[in-house]
Structure formats: structure tokens, C-alpha cells
Amino acid sequence: QVQLVESGGGLVQPGGSLRLSCAASGSIFSIDVMAWYRQGSGKQRELVASITSGGKTNYADSVKGRFTISTINANNTVYLQMNNLKPEDTAVYYCNAIRNGWPYWGQGTQVTVSS
């Protein structure tokens, strides 16, 4: 019912910045939460940041002060601005949306932080 398409990943040097985008389509009404997760090689998927329909945000401790999640409501798009990137931020980043208690996932976009 909800399709999520991500973009913006790539290769960046430590200390650099990237902005990830996730565009939602389909049954986009009644989406309660949108979020970004990431999964490094050999690691479990972890929550990076989330934003509720009311605008309340939440961040993993490891990214506080560096990452910002935001939405453009008219475009049904969620962004993740990533600053001061570190090698440990290297992962596949996934967009997530919760609608009526059911999770939907994007295909993932690779972020690699390396010098």
C-alpha cells in the first residue's frame, strides 16, 4: 500500500556530508511515523532517526548532533541530512514508514564513508 523510494547514497570522505531522500507513494495517508534505519556489514539493523506525524523527532545516540531528519509534507518526502560523517556510519540506509501499525520499507541505499 505504501511504496518508498530512496536516493542520495554514495561515497564520501570522513567529515563530509550527504543528504538522503525517501519519497513515499501509494496509500500515504495515515502514516504515523517515518524513520531511517541502517545496517552495517555483519551487523543488525538499527534505528537511526524517526519523525512522527506530529513532528516529534528521535535520534540514536551515535548520530545526535550530526544527523537531522525532516519532512516536506507536500511532497511526501523524508530526508536525512548527515554531517560530519564517520567511517562507522558506513551502512545500507533504509527508509521506513508505519501506517496503521504496519511497517513498509524502502530498498536501501549504500552510504560509504572512507578516505
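The numbers here are math on the coordinates, done by the rules we state, and not lab data. Model, not experiment: these values are computed from the prediction. For neighbour counting, all protein chains shown are included, and Cβ atoms are generated from backbone atoms with ideal geometry for every residue, glycine included.
Cross-link partners for Lys86 among the lysines, with Cα-Cα distance under 18 Å and sequence neighbours closer than 8 places in the same chain left out: Lys43, Lys64.
In terms of the mean number of neighbouring beta-carbon atoms within 10 Å, the peptides 23-32, 83-92 order highest first as 83-92, 23-32.
Might you report the magnitude of the Cβ-based charge dipole of the chain about its Cα centre, with Lys and Arg at +1 and Asp and Glu at -1, to the nearest 20 debye?
Details: 9 positive and 6 negative charges, 17 e Å.
It comes to approximately 80 debye.
Mean sequence separation of contacting Cα pairs (under 8 Å, at least six apart), scaled by the length of the chain, corresponds to a relative contact order of 37 percent.
Listed by chain and number, the aspartates and glutamates placed with their C-alpha closer than 17 angstrom to that of Lys56 are Asp32; residues fewer than eight positions away on the same chain are left out.
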